[in-house]
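Enquirer: Take this structure, written in C-alpha coordinates, and hold onto it; I'll ask about it next.
The values are calculated or read from the model by the stated rules, or taken from the named source; none is laboratory data. All values reported here derive from a predicted model rather than from experimental measurement. Neighbour counts run over all protein chains shown; Cβ positions are idealised from the backbone, glycine included.
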Amino acid sequence: MRTTLPTLSAYLETFRCIGSDCEDTCCQGWNVPIDRITYEKCQNLPASPLATLISASLTKCESSAPSKTATGVQAKTGNATPFAQIRIDGADHCPLLTGDRLCRVHAELGEQMLSYACSTYPRIVHEFGGLKETALALSCPEAARFVLLNPCLPIPNLKAPETQSPRQSTPAPALDPFVAALEQGNAEDGAKPLPPDFIAIRESVLELVRLRSYPLWQRMFLLGLLCRRLDSIARGELKRSVPGFLADFKTAVSTGSLRPAMETLPVDRAAQLDVVLRLAGLMLHRSHVSPRFAECIQAFTAGIGNGPGATLETLTRQYTRAHEFSFEPFFERHPHVLENYLVNTIVRCQFPFGREGMEVGAEPQRAREFAKLTAQFALIRGLLIGVAGFHGASFSTAHVVAVVQPAAKHFEHHPEFLKLSFELLLESQMDGARGMAILLSNAEQKPATSVLPDIRVPSPYQNRPVARQEV
Ligand code: SF4
(Lines give C-alpha, C1' and ligand atoms only; values in the text may rest on other atoms or scores of the structure.)
Protein backbone atom coordinates (compact mmCIF):
# COMPACT_ATOMS: atom_id res chain seq x y z
CA MET A 1 0.00 0.00 0.00
CA ARG A 2 1.32 3.44 -0.90
CA THR A 3 1.78 5.84 1.98
CA THR A 4 1.05 9.50 1.36
CA LEU A 5 3.53 11.73 3.13
CA PRO A 6 1.90 14.53 5.14
CA THR A 7 2.39 18.01 3.71
CA LEU A 8 3.27 21.12 5.68
CA SER A 9 -0.19 22.65 5.16
CA ALA A 10 -1.95 19.43 6.24
CA TYR A 11 0.24 19.24 9.35
CA LEU A 12 -0.28 22.90 10.26
CA GLU A 13 -4.04 22.59 9.79
CA THR A 14 -4.00 20.14 12.72
CA PHE A 15 -2.85 22.93 15.06
CA ARG A 16 -5.17 23.37 18.04
CA CYS A 17 -5.41 26.36 20.34
CA ILE A 18 -4.77 25.42 23.98
CA GLY A 19 -7.21 28.08 25.25
CA SER A 20 -6.96 28.93 28.92
CA ASP A 21 -3.71 26.93 29.25
CA CYS A 22 -1.96 29.43 26.97
CA GLU A 23 0.88 31.35 28.66
CA ASP A 24 0.56 34.41 26.39
CA THR A 25 -2.93 34.53 24.94
CA CYS A 26 -3.45 36.35 21.65
CA CYS A 27 -6.22 38.26 23.44
CA GLN A 28 -3.56 40.11 25.44
CA GLY A 29 -1.50 43.13 24.42
CA TRP A 30 -3.17 43.55 21.04
CA ASN A 31 -6.15 45.50 19.86
CA VAL A 32 -8.37 42.94 18.13
CA PRO A 33 -9.11 43.85 14.49
CA ILE A 34 -12.76 43.51 13.50
CA ASP A 35 -13.81 43.20 9.87
CA ARG A 36 -16.74 45.13 8.41
CA ILE A 37 -19.14 42.18 8.25
CA THR A 38 -18.51 41.14 11.85
CA TYR A 39 -18.89 44.79 12.89
CA GLU A 40 -22.29 44.95 11.19
CA LYS A 41 -23.37 41.66 12.80
CA CYS A 42 -22.38 43.10 16.18
CA GLN A 43 -24.62 46.11 15.55
CA ASN A 44 -27.63 43.82 15.09
CA LEU A 45 -27.22 41.62 18.15
CA PRO A 46 -30.32 41.16 20.35
CA ALA A 47 -30.06 42.99 23.68
CA SER A 48 -27.99 41.13 26.29
CA PRO A 49 -25.21 41.95 28.78
CA LEU A 50 -22.66 40.64 26.26
CA ALA A 51 -24.12 42.74 23.42
CA THR A 52 -23.82 45.81 25.66
CA LEU A 53 -20.20 44.97 26.47
CA ILE A 54 -19.38 44.40 22.79
CA SER A 55 -20.97 47.67 21.84
CA ALA A 56 -19.00 49.53 24.54
CA SER A 57 -15.70 47.90 23.48
CA LEU A 58 -15.96 48.32 19.71
CA THR A 59 -14.39 51.31 17.98
CA LYS A 60 -14.73 51.99 14.28
CA CYS A 61 -11.40 52.96 12.72
CA GLU A 62 -11.43 56.28 10.92
CA SER A 63 -9.52 55.31 7.80
CA SER A 64 -11.37 52.06 7.28
CA ALA A 65 -13.13 51.36 4.01
CA PRO A 66 -15.48 48.58 2.93
CA SER A 67 -12.93 46.62 0.96
CA LYS A 68 -11.10 43.29 1.05
CA THR A 69 -8.66 44.98 3.42
CA ALA A 70 -11.48 45.83 5.76
CA THR A 71 -12.54 42.18 6.04
CA GLY A 72 -9.38 41.66 8.04
CA VAL A 73 -7.63 39.61 5.38
CA GLN A 74 -4.70 41.97 5.55
CA ALA A 75 -5.26 43.36 9.01
CA LYS A 76 -4.39 40.06 10.64
CA THR A 77 -1.01 40.15 8.97
CA GLY A 78 -0.53 43.74 10.04
CA ASN A 79 -0.71 45.32 6.62
CA ALA A 80 -3.72 47.56 6.89
CA THR A 81 -5.99 49.53 9.15
CA PRO A 82 -8.86 47.29 10.25
CA PHE A 83 -12.48 48.35 9.81
CA ALA A 84 -12.97 48.42 13.57
CA GLN A 85 -11.28 47.13 16.69
CA ILE A 86 -11.93 45.95 20.21
CA ARG A 87 -10.27 48.24 22.74
CA ILE A 88 -8.03 46.41 25.21
CA ASP A 89 -8.88 46.97 28.87
CA GLY A 90 -6.59 48.46 31.52
CA ALA A 91 -5.08 45.05 32.24
CA ASP A 92 -4.04 44.70 28.56
CA HIS A 93 -6.68 42.01 27.91
CA CYS A 94 -9.53 41.75 25.48
CA PRO A 95 -12.58 42.79 27.59
CA LEU A 96 -14.55 39.91 26.05
CA LEU A 97 -12.46 37.26 27.83
CA THR A 98 -13.96 35.27 30.73
CA GLY A 99 -12.18 34.93 34.07
CA ASP A 100 -10.79 31.63 32.73
CA ARG A 101 -9.34 33.50 29.74
CA LEU A 102 -11.84 32.00 27.30
CA CYS A 103 -13.67 33.99 24.64
CA ARG A 104 -17.21 35.02 25.69
CA VAL A 105 -18.20 35.67 22.07
CA HIS A 106 -17.25 32.11 21.10
CA ALA A 107 -18.87 30.61 24.20
CA GLU A 108 -22.16 32.57 24.14
CA LEU A 109 -22.70 33.49 20.48
CA GLY A 110 -20.83 30.77 18.60
CA GLU A 111 -17.83 30.57 16.30
CA GLN A 112 -19.69 32.27 13.44
CA MET A 113 -19.63 35.54 15.41
CA LEU A 114 -15.82 35.63 15.62
CA SER A 115 -14.03 38.18 13.45
CA TYR A 116 -11.84 36.92 10.62
CA ALA A 117 -8.64 37.55 12.60
CA CYS A 118 -9.99 35.72 15.68
CA SER A 119 -11.30 32.75 13.71
CA THR A 120 -8.11 32.20 11.69
CA TYR A 121 -5.23 33.23 13.97
CA PRO A 122 -2.52 31.89 14.09
CA ARG A 123 -3.03 30.33 10.64
CA ILE A 124 -1.76 32.30 7.66
CA VAL A 125 -3.13 30.93 4.41
CA HIS A 126 -2.02 31.97 0.92
CA GLU A 127 -3.89 30.77 -2.14
CA PHE A 128 -2.55 31.42 -5.61
CA GLY A 129 -3.06 29.57 -8.87
CA GLY A 130 -4.88 26.72 -7.14
CA LEU A 131 -1.99 26.26 -4.69
CA LYS A 132 -2.85 26.63 -1.02
CA GLU A 133 -0.03 27.17 1.46
CA THR A 134 -0.37 27.46 5.22
CA ALA A 135 2.07 28.89 7.75
CA LEU A 136 1.56 29.68 11.42
CA ALA A 137 2.16 32.97 13.20
CA LEU A 138 4.88 32.13 15.73
CA SER A 139 3.52 34.90 17.98
CA CYS A 140 1.26 32.13 19.33
CA PRO A 141 3.28 30.08 21.87
CA GLU A 142 1.60 26.81 20.94
CA ALA A 143 2.19 27.52 17.22
CA ALA A 144 5.85 28.26 17.96
CA ARG A 145 6.20 24.89 19.70
CA PHE A 146 4.22 23.17 16.94
CA VAL A 147 6.50 24.51 14.20
CA LEU A 148 9.93 24.88 15.79
CA LEU A 149 10.16 21.75 17.88
CA ASN A 150 9.07 19.15 15.34
CA PRO A 151 12.22 17.28 14.23
CA CYS A 152 10.31 15.95 11.19
CA LEU A 153 8.38 19.00 10.00
CA PRO A 154 6.78 17.99 6.68
CA ILE A 155 7.83 19.88 3.58
CA PRO A 156 5.34 22.10 1.72
CA ASN A 157 3.49 20.36 -1.11
CA LEU A 158 3.99 22.66 -4.09
CA LYS A 159 1.76 20.83 -6.52
CA ALA A 160 -1.48 22.60 -7.43
CA PRO A 161 -4.51 20.27 -7.61
CA GLU A 162 -4.48 18.56 -11.01
CA THR A 163 -8.26 18.27 -11.32
CA GLN A 164 -8.79 22.03 -11.29
CA SER A 165 -7.42 24.60 -13.64
CA PRO A 166 -6.03 27.41 -11.46
CA ARG A 167 -8.14 29.96 -13.28
CA GLN A 168 -11.34 27.92 -12.97
CA SER A 169 -11.18 26.95 -9.31
CA THR A 170 -14.28 27.89 -7.35
CA PRO A 171 -14.58 28.13 -3.59
CA ALA A 172 -16.86 25.75 -1.70
CA PRO A 173 -20.36 27.12 -0.98
CA ALA A 174 -20.17 29.61 1.87
CA LEU A 175 -22.14 29.14 5.06
CA ASP A 176 -22.93 32.78 5.66
CA PRO A 177 -22.07 36.24 4.27
CA PHE A 178 -19.04 36.56 6.54
CA VAL A 179 -17.49 33.33 5.29
CA ALA A 180 -18.55 34.29 1.77
CA ALA A 181 -16.56 37.52 2.03
CA LEU A 182 -13.50 35.67 3.23
CA GLU A 183 -13.74 33.07 0.53
CA GLN A 184 -14.21 35.78 -2.03
CA GLY A 185 -10.90 37.29 -0.82
CA ASN A 186 -9.16 33.94 -1.06
CA ALA A 187 -10.77 33.17 -4.41
CA GLU A 188 -9.51 36.50 -5.79
CA ASP A 189 -5.94 35.44 -5.04
CA GLY A 190 -6.61 31.76 -5.73
CA ALA A 191 -7.77 32.58 -9.24
CA LYS A 192 -4.59 34.52 -10.03
CA PRO A 193 -1.86 32.55 -11.77
CA LEU A 194 1.31 31.71 -9.89
CA PRO A 195 4.30 33.85 -10.94
CA PRO A 196 6.49 32.23 -13.63
CA ASP A 197 8.73 29.42 -12.33
CA PHE A 198 7.19 29.72 -8.86
CA ILE A 199 7.23 26.00 -8.10
CA ALA A 200 10.74 25.35 -9.48
CA ILE A 201 12.17 28.31 -7.51
CA ARG A 202 10.39 27.43 -4.26
CA GLU A 203 11.48 23.80 -4.52
CA SER A 204 15.11 24.90 -4.95
CA VAL A 205 14.81 27.29 -1.99
CA LEU A 206 13.31 24.68 0.34
CA GLU A 207 15.79 22.03 -0.73
CA LEU A 208 18.67 24.39 0.01
CA VAL A 209 17.36 25.36 3.45
CA ARG A 210 17.32 21.68 4.47
CA LEU A 211 20.66 20.72 2.95
CA ARG A 212 22.56 19.80 6.12
CA SER A 213 25.82 19.05 4.34
CA TYR A 214 26.34 22.84 4.60
CA PRO A 215 26.20 24.84 7.83
CA LEU A 216 22.96 26.82 8.01
CA TRP A 217 24.65 30.18 7.54
CA GLN A 218 26.25 28.92 4.30
CA ARG A 219 22.87 27.64 3.08
CA MET A 220 21.50 31.13 3.69
CA PHE A 221 24.44 32.69 1.88
CA LEU A 222 23.86 30.37 -1.10
CA LEU A 223 20.20 31.35 -1.02
CA GLY A 224 21.23 35.00 -1.37
CA LEU A 225 23.40 34.10 -4.33
CA LEU A 226 20.49 32.24 -5.92
CA CYS A 227 18.19 35.25 -5.44
CA ARG A 228 20.67 37.72 -6.96
CA ARG A 229 21.19 35.48 -10.00
CA LEU A 230 17.43 35.08 -10.46
CA ASP A 231 17.08 38.88 -10.43
CA SER A 232 19.87 39.12 -13.05
CA ILE A 233 18.00 36.63 -15.26
CA ALA A 234 14.75 38.58 -14.84
CA ARG A 235 16.49 41.84 -15.80
CA GLY A 236 18.06 40.19 -18.86
CA GLU A 237 21.63 40.67 -17.57
CA LEU A 238 22.16 36.92 -17.38
CA LYS A 239 21.03 35.12 -20.52
CA ARG A 240 19.79 31.88 -18.97
CA SER A 241 16.48 30.09 -18.57
CA VAL A 242 15.39 29.80 -14.94
CA PRO A 243 15.11 25.96 -15.03
CA GLY A 244 18.55 25.71 -16.69
CA PHE A 245 20.11 28.00 -14.12
CA LEU A 246 18.45 26.16 -11.19
CA ALA A 247 19.78 22.84 -12.48
CA ASP A 248 23.34 24.23 -12.76
CA PHE A 249 23.08 25.85 -9.34
CA LYS A 250 21.99 22.55 -7.81
CA THR A 251 24.98 20.81 -9.41
CA ALA A 252 27.38 23.47 -8.12
CA VAL A 253 25.95 23.12 -4.61
CA SER A 254 26.03 19.32 -4.62
CA THR A 255 29.62 19.16 -5.92
CA GLY A 256 30.74 21.72 -3.35
CA SER A 257 32.36 23.96 -5.95
CA LEU A 258 31.16 27.07 -4.07
CA ARG A 259 32.60 26.02 -0.70
CA PRO A 260 36.11 27.51 -1.11
CA ALA A 261 34.66 30.94 -1.94
CA MET A 262 32.47 30.88 1.17
CA GLU A 263 35.42 29.99 3.39
CA THR A 264 37.08 33.30 2.52
CA LEU A 265 34.02 35.43 3.31
CA PRO A 266 34.58 38.26 5.78
CA VAL A 267 33.83 37.70 9.47
CA ASP A 268 32.99 40.73 11.59
CA ARG A 269 31.14 39.82 14.75
CA ALA A 270 31.08 43.42 15.98
CA ALA A 271 29.27 44.54 12.82
CA GLN A 272 26.93 41.54 13.11
CA LEU A 273 26.09 42.33 16.73
CA ASP A 274 25.69 46.02 15.95
CA VAL A 275 23.02 45.23 13.33
CA VAL A 276 21.29 42.76 15.66
CA LEU A 277 21.11 45.45 18.37
CA ARG A 278 19.75 47.99 15.92
CA LEU A 279 17.19 45.54 14.55
CA ALA A 280 16.15 44.67 18.12
CA GLY A 281 15.55 48.35 18.90
CA LEU A 282 13.81 49.09 15.60
CA MET A 283 10.23 48.85 16.84
CA LEU A 284 10.92 50.27 20.30
CA HIS A 285 8.59 53.26 19.97
CA ARG A 286 6.22 51.66 17.49
CA SER A 287 5.30 48.30 18.97
CA HIS A 288 3.95 47.11 22.29
CA VAL A 289 6.67 45.73 24.58
CA SER A 290 5.04 42.82 26.39
CA PRO A 291 6.40 41.58 29.73
CA ARG A 292 7.50 38.38 27.96
CA PHE A 293 9.44 40.32 25.34
CA ALA A 294 11.00 42.54 28.02
CA GLU A 295 12.10 39.35 29.84
CA CYS A 296 13.61 38.00 26.62
CA ILE A 297 15.52 41.25 26.04
CA GLN A 298 16.78 41.27 29.62
CA ALA A 299 18.13 37.72 29.21
CA PHE A 300 19.66 38.68 25.85
CA THR A 301 21.40 41.80 27.15
CA ALA A 302 22.64 39.94 30.26
CA GLY A 303 23.85 37.11 28.02
CA ILE A 304 26.01 39.47 25.99
CA GLY A 305 27.31 41.20 29.11
CA ASN A 306 25.50 44.53 28.84
CA GLY A 307 25.85 46.79 31.82
CA PRO A 308 27.76 49.82 33.08
CA GLY A 309 31.00 50.23 31.15
CA ALA A 310 30.01 47.86 28.34
CA THR A 311 31.31 48.75 24.90
CA LEU A 312 30.67 47.20 21.55
CA GLU A 313 34.04 45.48 21.94
CA THR A 314 33.22 43.87 25.30
CA LEU A 315 29.73 42.95 24.11
CA THR A 316 31.16 41.37 20.98
CA ARG A 317 33.57 39.24 23.03
CA GLN A 318 30.74 37.99 25.22
CA TYR A 319 28.44 37.48 22.21
CA THR A 320 31.16 35.39 20.54
CA ARG A 321 31.59 33.29 23.70
CA ALA A 322 27.82 32.83 24.00
CA HIS A 323 27.75 31.66 20.41
CA GLU A 324 30.61 29.24 20.79
CA PHE A 325 29.83 27.69 24.18
CA SER A 326 26.02 27.82 24.42
CA PHE A 327 24.28 28.53 21.11
CA GLU A 328 26.30 26.32 18.80
CA PRO A 329 26.32 23.15 20.96
CA PHE A 330 22.55 23.43 21.46
CA PHE A 331 21.71 23.96 17.77
CA GLU A 332 24.06 21.17 16.73
CA ARG A 333 21.81 18.88 18.77
CA HIS A 334 18.62 20.54 17.48
CA PRO A 335 19.35 21.41 13.83
CA HIS A 336 15.66 21.36 12.88
CA VAL A 337 14.69 24.35 15.03
CA LEU A 338 16.11 27.15 12.88
CA GLU A 339 15.40 25.24 9.66
CA ASN A 340 11.74 25.01 10.68
CA TYR A 341 11.77 28.71 11.52
CA LEU A 342 13.02 29.42 8.01
CA VAL A 343 10.58 27.06 6.26
CA ASN A 344 7.62 28.64 8.10
CA THR A 345 8.91 32.16 7.35
CA ILE A 346 9.43 31.29 3.67
CA VAL A 347 5.78 30.23 3.41
CA ARG A 348 4.49 33.08 5.58
CA CYS A 349 6.33 35.75 3.56
CA GLN A 350 5.77 34.03 0.17
CA PHE A 351 9.54 34.08 -0.23
CA PRO A 352 11.31 34.80 -2.55
CA PHE A 353 8.41 36.57 -4.27
CA GLY A 354 6.93 38.56 -1.40
CA ARG A 355 3.33 39.74 -1.29
CA GLU A 356 3.80 42.35 -4.02
CA GLY A 357 5.85 39.95 -6.15
CA MET A 358 2.91 37.51 -6.31
CA GLU A 359 0.86 40.02 -8.31
CA VAL A 360 0.57 39.56 -12.07
CA GLY A 361 3.32 41.45 -13.91
CA ALA A 362 5.22 42.42 -10.73
CA GLU A 363 8.94 43.05 -11.18
CA PRO A 364 10.91 40.32 -9.34
CA GLN A 365 12.75 41.67 -6.27
CA ARG A 366 14.23 38.43 -4.95
CA ALA A 367 17.43 39.95 -3.56
CA ARG A 368 15.29 42.44 -1.66
CA GLU A 369 13.08 39.65 -0.30
CA PHE A 370 16.23 37.77 0.69
CA ALA A 371 17.48 40.82 2.60
CA LYS A 372 14.17 40.93 4.50
CA LEU A 373 14.40 37.20 5.29
CA THR A 374 18.00 37.67 6.44
CA ALA A 375 17.03 40.57 8.70
CA GLN A 376 14.41 38.39 10.42
CA PHE A 377 16.73 35.41 10.68
CA ALA A 378 19.72 37.45 11.91
CA LEU A 379 17.57 39.12 14.56
CA ILE A 380 16.10 35.86 15.89
CA ARG A 381 19.47 34.11 15.81
CA GLY A 382 21.17 37.08 17.51
CA LEU A 383 18.57 37.10 20.30
CA LEU A 384 18.96 33.34 20.70
CA ILE A 385 22.75 33.68 20.96
CA GLY A 386 22.44 36.19 23.80
CA VAL A 387 19.75 34.20 25.63
CA ALA A 388 21.74 30.97 25.18
CA GLY A 389 24.73 32.78 26.72
CA PHE A 390 22.55 33.83 29.66
CA HIS A 391 21.31 30.28 30.39
CA GLY A 392 24.52 28.45 29.48
CA ALA A 393 24.31 24.67 29.68
CA SER A 394 20.65 24.79 30.81
CA PHE A 395 19.52 26.50 27.58
CA SER A 396 16.55 24.46 26.33
CA THR A 397 13.79 24.26 23.73
CA ALA A 398 11.50 26.07 26.21
CA HIS A 399 13.95 29.01 26.14
CA VAL A 400 13.91 28.95 22.33
CA VAL A 401 10.11 29.31 22.36
CA ALA A 402 10.39 32.02 25.03
CA VAL A 403 12.57 34.01 22.60
CA VAL A 404 10.94 33.38 19.23
CA GLN A 405 7.30 33.77 20.33
CA PRO A 406 7.44 37.19 22.03
CA ALA A 407 9.87 38.44 19.37
CA ALA A 408 7.42 37.36 16.64
CA LYS A 409 4.62 39.12 18.54
CA HIS A 410 6.72 42.26 18.87
CA PHE A 411 8.07 42.45 15.31
CA GLU A 412 6.26 40.31 12.77
CA HIS A 413 2.76 41.73 13.06
CA HIS A 414 3.88 45.30 12.78
CA PRO A 415 3.12 46.61 9.29
CA GLU A 416 6.38 48.56 9.10
CA PHE A 417 8.87 46.05 10.45
CA LEU A 418 10.01 44.47 7.18
CA LYS A 419 10.26 47.83 5.42
CA LEU A 420 12.23 49.39 8.28
CA SER A 421 14.52 46.39 8.67
CA PHE A 422 15.32 46.49 4.95
CA GLU A 423 16.05 50.23 5.20
CA LEU A 424 18.32 49.52 8.17
CA LEU A 425 20.32 46.99 6.13
CA LEU A 426 20.58 49.50 3.26
CA GLU A 427 21.74 52.26 5.60
CA SER A 428 24.30 49.91 7.22
CA GLN A 429 25.44 48.78 3.75
CA MET A 430 24.62 45.23 4.77
CA ASP A 431 22.31 44.49 1.85
CA GLY A 432 25.06 43.33 -0.57
CA ALA A 433 26.85 39.97 -0.67
CA ARG A 434 29.59 41.14 1.73
CA GLY A 435 27.11 42.55 4.25
CA MET A 436 24.98 39.42 4.08
CA ALA A 437 28.07 37.30 4.75
CA ILE A 438 28.87 39.38 7.83
CA LEU A 439 25.30 39.15 9.08
CA LEU A 440 24.99 35.43 8.51
CA SER A 441 28.43 34.07 9.22
CA ASN A 442 28.88 31.67 12.09
CA ALA A 443 32.54 31.07 11.29
CA GLU A 444 35.33 31.62 13.78
CA GLN A 445 36.28 35.23 14.20
CA LYS A 446 39.61 36.22 12.67
CA PRO A 447 41.97 38.42 14.72
CA ALA A 448 40.72 42.02 14.69
CA THR A 449 42.56 44.18 12.17
CA SER A 450 41.08 47.50 13.23
CA VAL A 451 40.27 49.21 16.48
CA LEU A 452 36.60 48.99 17.34
CA PRO A 453 34.82 52.19 18.28
CA ASP A 454 34.12 52.60 21.98
CA ILE A 455 30.35 52.58 21.70
CA ARG A 456 28.13 52.19 24.74
CA VAL A 457 25.09 50.15 23.87
CA PRO A 458 22.31 50.99 26.28
CA SER A 459 19.50 48.55 26.94
CA PRO A 460 16.66 50.06 24.91
CA TYR A 461 13.81 48.35 26.71
CA GLN A 462 13.55 50.26 29.96
CA ASN A 463 10.71 52.50 28.76
CA ARG A 464 7.52 50.80 27.80
CA PRO A 465 6.00 52.31 24.65
CA VAL A 466 2.29 52.91 24.48
CA ALA A 467 1.68 52.03 20.83
CA ARG A 468 -0.11 48.76 20.20
CA GLN A 469 -0.04 46.58 17.16
CA GLU A 470 -2.64 44.62 15.32
CA VAL A 471 -2.91 40.85 15.09
S1 SF4 B 1 -1.97 32.55 21.37
FE2 SF4 B 1 -2.41 30.56 20.32
S3 SF4 B 1 -2.68 29.00 21.95
FE4 SF4 B 1 -2.77 31.06 22.88
S5 SF4 B 1 -4.97 31.58 22.98
FE6 SF4 B 1 -4.19 32.46 21.03
S7 SF4 B 1 -4.43 30.86 19.44
FE8 SF4 B 1 -4.71 29.87 21.47
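Enquirer: May I ask you to list pairs of residues, at least six apart or on different chains, whose Cβ atoms are under 7 Å apart, with the first in the stretch 140-158 being free of Cβ contacts under 8 Å to residues at least 60 places away in the same chain and the second being more than 16 Å from the ligand (Cβ to nearest atom)?
Expert: 158/131; 158/199; 158/202; 158/203
Enquirer: Out of all the residues in the stretch 22-60, which are loosely packed, with under 14 Cβ neighbours inside 10 Å and either within 16 Å of the ligand (Cβ to nearest atom) or not hydroxyl-bearing (Ser, Thr, Tyr) (or both)?
Expert: If the condition is that a residue be loosely packed, with under 14 Cβ neighbours inside 10 Å and either within 16 Å of the ligand (Cβ to nearest atom) or not hydroxyl-bearing (Ser, Thr, Tyr) (or both), then 23, 43, 44, 46, 47, 49, 56, 60 are the ones that fit.
Enquirer: Note down all Cβ pairs under 6 Å where the first residue falls in the stretch 12-24 and is closer than 12 Å to residue 141 by Cα, the second is among the basic types (Lys, Arg) and more than 8 Å from the ligand (Cβ to nearest atom), and they're at least six residues apart or on different chains.
Expert: From residues that are closer than 12 Å to residue 141 by Cα, the pairs are 24/292.
Enquirer: Would you be able to tell me the number of residues in the stretch 124-149 that are closer than 15 Å to residue 346 by Cα and touching a Phe, Trp or Tyr at 6+ places or on another chain (Cβ under 7 Å)?
Expert: 3
Enquirer: With the checklist (1) touching a Phe, Trp or Tyr at 6+ places or on another chain (Cβ under 8 Å); (2) over 24 Å from residue 154 (Cα atoms); (3) in a loop (DSSP other than H, G, I, E, B) in hand, flag the one item residue 387 doesn't pass.
Expert: It fails just one condition, (3).
Enquirer: Could you list, in sequence order, the residues of the stretch 131-164 that are small (Gly, Ala, Ser), out of contact with any Pro (no Cβ under 8 Å at 6 or more places or on another chain) and either modelled with pLDDT under 95 or more than 10 Å from the ligand (Cβ to nearest atom) (or both)?
Expert: Once the filter is applied, which keeps residues that are small (Gly, Ala, Ser), out of contact with any Pro (no Cβ under 8 Å at 6 or more places or on another chain) and either modelled with pLDDT under 95 or more than 10 Å from the ligand (Cβ to nearest atom) (or both), the stretch 131-164 yields only 135.
Enquirer: Could you please let me know if residue 283 is in contact with a His (Cβ under 6 Å, 6 or more places away or on another chain), under 29 Å from residue 365 (Cβ atoms) and in contact (Cβ under 8 Å) with a residue 40 or more places away in the chain?
Expert: When the stated conditions are applied, residue 283 passes them.
Enquirer: Can you pull out every residue in the stretch 5-21 that is within 8 Å of the ligand (Cβ to nearest atom) and touching a helix residue (DSSP H, G or I) at 6+ places or on another chain (Cβ under 6 Å)?
Expert: Across the stretch 5-21, the qualifying residue is only 18.
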